[in-house]
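Data first, discussion second: the structure below is written as structure tokens.
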Amino acid sequence: MATITIDDDGYSEHVAYELSSQTGLLFGARELLVRAKQAKAVRLAILTTRLEHPIRIGNIDESCANFSILKNTNRR
């Protein structure tokens with residue numbers, strides 16, 4: 001589990017994810033994924049490790065979207 005936060009308006013919601021080195025998949029409500037894709041700044045906070053990544057949302061397919069990590073990992 002992770003939390004996705006849309007910095008533009010401060011909205012956040014829990015999502016499921018799969019992560020490889022710098023890319024991955026997000027699983028959540030389509031409305032959230034579309035909203036995150038349109039935002040200027042989005043962060044993914046991985047709950048188990050307390051790591052936070054600035055990300056960019058790519059393609060969206062129903063309730064799944066691919067994403068890329070924009071820069072190095074920050075501890076919360």
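The fraction of accessible area contributed by carbon and sulfur in region 1-75 is 47 percent, rounded to a whole number (1.4 Å probe; ligands and nucleic acids excluded). Of the labelled figures [x] 1.06; [y] 0.95; [z] 1.40, only one reflects Cα Rg over 2.2 N^0.38 Å as derived from the coordinates, namely [y]. Between R56 and S68, the simple label model (points 7 Å from Cα in the Cβ direction) yields a spacing of 0.5 nm.
For D8, the residues whose amide H sits under 5 Å from its own are K40, A41, ignoring neighbours fewer than 5 places away on the same chain, with H placed 1.01 Å from N. When the trypsin sites (Lys or Arg not before Pro) in region 24-56 are filtered for DSSP coil states and for at most 12 other beta-carbon atoms within 10 Å of their beta-carbon, the remaining sites are K40, R50. Rolling a 1.4 Å probe across the protein heavy atoms gives the chain an accessible surface of 61 Å² per residue. In loop segments of the chain as defined by DSSP, the GluC sites (Glu not before Pro) with at most 14 further C-beta atoms inside 10 Å of their C-beta are E62.
The values are calculated or read from the model by the stated rules, or taken from the named source; none is laboratory data. This structure is a prediction, so every number in the text was calculated from the model and none was measured. Virtual Cβ from ideal backbone geometry, glycine too; neighbours counted across all protein chains shown. Ligands, DNA and RNA are stripped out before the accessible areas are found, and what is left, the full protein with its side chains, is counted by its heavy atoms. Shrake-Rupley method; radii C 1.70, N 1.55, O 1.52, S 1.80 Å.
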